[in-house]
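To start, the structure itself, in structure tokens.
The values are calculated or read from the model by the stated rules, or taken from the named source; none is laboratory data. Everything quoted here is computed from the prediction, not taken from an experiment. Every residue, glycine among them, receives a Cβ derived from its backbone with ideal geometry; neighbour counts consider all protein chains shown. Calculation scope for accessible area: heavy atoms of the full protein, side chains included, ligands and nucleic acids excluded. Shrake-Rupley method; radii C 1.70, N 1.55, O 1.52, S 1.80 Å.
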Amino acid sequence: MDALRFRQIIAFGLGWLAYASTYFLRKPLGVIKADLHTFMNLSHTQLGWLDTALLFPYAFMQILLGPLGDRFGARKTFGVCMMLSALSMISFGYFSSFAVWFLLLFLNGTAQSQCWPNCTKGLLCWFSDSVRNSMFGMFGTCAFAGGIIGTMISVYLQSAYGWRSVYFFPSIIVFVLGFLVLILFTQPDELNMEVPGRSVDKAKEGEKNPNVTEKPRMIDLWRMPMIAEVSIAVFCLKVVRYCMYMWLPMYLLQALNYPKSMAGIFSTVFEIGGVTGSALIGFALDRYYKGQTLRGIALFVLISTVALILFLITSTWGVFINSLFMFIAGAFNAGPDILLCGTVPADLVEKQNKNAATATIGLVNGFGSIGTCIEGPIIGLLTAYFGWPGMFPLMIGLSALGAVATYRAASIHARVNMATTDFIEGV
């Protein structure tokens, strides 16, 4: 095995395991909500605010601290932030205070905010442009597999040792993997290696070319063609995805009368669909939508919307039908989500010849994650005033808006390509 292939395996494998493990410290909150409600007398609104405590800093710190990875390197930033995330949550079960839980979740969200952009940056630089969608689609399974495993671990710890144990052992796992990232998650430039079939490194090119923007402002990135539309689409998809993460176990328990253990386990069907969708959609786009990635993604998001509608209509038909439509909704929500906040913004910023791949990924994913930090209070208020029937119509509407935003980005992309082609032919 040559040195390049060995390093690609290390980067993919370690990056997959490390990012998957971050969900071990996100998923327990959704599993223990019913216990917090029952034993600690937290209201639905308070439970929603705990969602926000985790997801608000994850969103905004991703935007504000986006340049950290470019300054200190993906390996150091990713590894240190994983270890800080673990340290923030290891003592969660020792407290009984809403304020302390809020603070610990806030610190966890802040630390995890830098994991995705730097994991993405550290991985993409090891693979050629021709396999980006396929490779990253396979890699994206880590987010959903991590969610499934995180839920399973939480359900087991909750059943065997009580809800106060659900963060302790996962924190140890995350800390160890963060340390391994700090040691092993190197990039080609750190090892003086070149990756064949990869476009010119924009950072190096920028040092020689004065026309390349070295450190564009966030407002400059936002004004780039398609960035706003892609960000809005990610916003919509993440609201739906995290609503399923944080509230589906409680919905199955209270609205559809699932037993507690079954509610936690069957809630992972959405994520199982996510694993499948993430793995296959990248290959489908590379094969059937070359040059039209955004148009293909818009179609897939529309399919997810239809599946949510069918789930709502057939929710009382039993576990099999529930699982079928949840699986489809998860597959066609998660696959597009991973690509829209990974390879798509990276490609868009490179085409604009700007040295800001990490910052752009952070901007798109961070803006999208704003939706995840407001879903908690919104769903909490909806269920408090309208009951569970108020949740799914909102999810359906947001999913449809995500499809529209992606289709608009695809239309802009087609016009930009046509204008570029006409210019070249004119010259």
- Note on the structure: Taking R0 as 41 Å and r as the Cβ-Cβ distance between Trp388 and Ser128, the FRET efficiency 1/(1 + (r/R0)^6), rounded to the nearest 0.05, comes to 0.30
- Task: With the full set of protein chains in place, find how many percent of the accessible area of the chain is carbon and sulfur; take the probe as 1.4 Å.
- Result: 68 percent
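With every protein chain present, what is the per residue accessible area of the chain (1.4 Å probe, Å²)?
Values: 17310 Å² over 427 residues.
In whole numbers, the chain has 41 Å² accessible per residue.
Apply 1/(1 + (r/R0)^6) to the Cβ-Cβ distance of Arg217 and Tyr94, taking R0 = 30 Å, and write down the FRET efficiency to the nearest 0.05. All intermediate terms of the calculation are to be shown ahead of the outcome.
On the way: r = 43 Å, r/R0 = 1.42.
Efficiency, rounded to the nearest 0.05: 0.10.
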- Please determine, in degrees from 0 to 90 and to the nearest 10, the orientation of helix 357-386 with respect to the longest principal axis defined by the Cα atoms of the chain, where the helix direction is its Cα long axis. 20 degrees
- Rounded to the nearest 500, what is the 222 nm mean residue ellipticity of the chain from helices alone, with -39500 (n - 2.57) per DSSP H run of 4+ residues and division by all residues? -26000 deg cm²/dmol
- Task: Working from Cα positions, state the angle (0 to 90°, nearest 10) between the long axis of helix 293-313 and the longest principal axis of the chain.
- Result: 10 degrees
- Note on the structure: For the chain, averaging the sequence separation of alpha carbon pairs under 8 Å that lie six or more residues apart and dividing by its residue count, the contact order in percent is 27 percent
- Item | Taking region 71-187 and dividing mean pair separation by its residue count, relative contact order in percent (alpha carbons under 8 Å, at least six apart) | 53 percent
- Expressed in nanometres to one decimal, the distance between label points 7 Å along Cα→Cβ at Phe168 and Phe72 is 3.0 nm
- Query: When Lys and Arg each count +1 and Asp and Glu each count -1, what net charge do the other residues less than 13 Å away from Ile149, Cβ to Cβ, add up to?
  - Reply: +1
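Just how many % of Cα pairs in region 310-389 lie over 16 Å apart, if you round to the nearest whole percent? Walk me through the numbers before you get to the answer.
Numbers: 2154 of 3160 pairs.
In whole percent, the long-distance tail amounts to 68.
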- Message: Let me check the size of region 62-119 from its C-alpha atoms; what are the radius of gyration and Dmax in Å?
- Response: 12.6, 39
- Treating only Lys and Arg (+1) and Asp and Glu (-1) as charged, each at its beta carbon, one finds that the chain has a dipole about its Cα centre, in Debye to the nearest 20, of 240 debye
- Task: For region 321-385 and region 111-142, write down the distance between their C-alpha centroids in whole Å.
- Result: 15 Å
- Task: Return the subset of Lys121/Lys238; Lys76/Lys290; Lys33/Lys238; Lys76/Lys238 for which the Cα-Cα distance in this structure is over 24 Å, preserving the input order.
- Result: Lys76/Lys290; Lys76/Lys238
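If I stretch the segment between Tyr288 and Thr45 completely, what's the gain in nm (0.36 nm per residue apart, minus their alpha carbon distance), one decimal? It would help to have the intermediate numbers written out before the result.
Details: separation 243, 0.36 × 243 = 87.48 nm, distance 4.48 nm.
Extra length available between Tyr288 and Thr45 comes to 83.0 nm.
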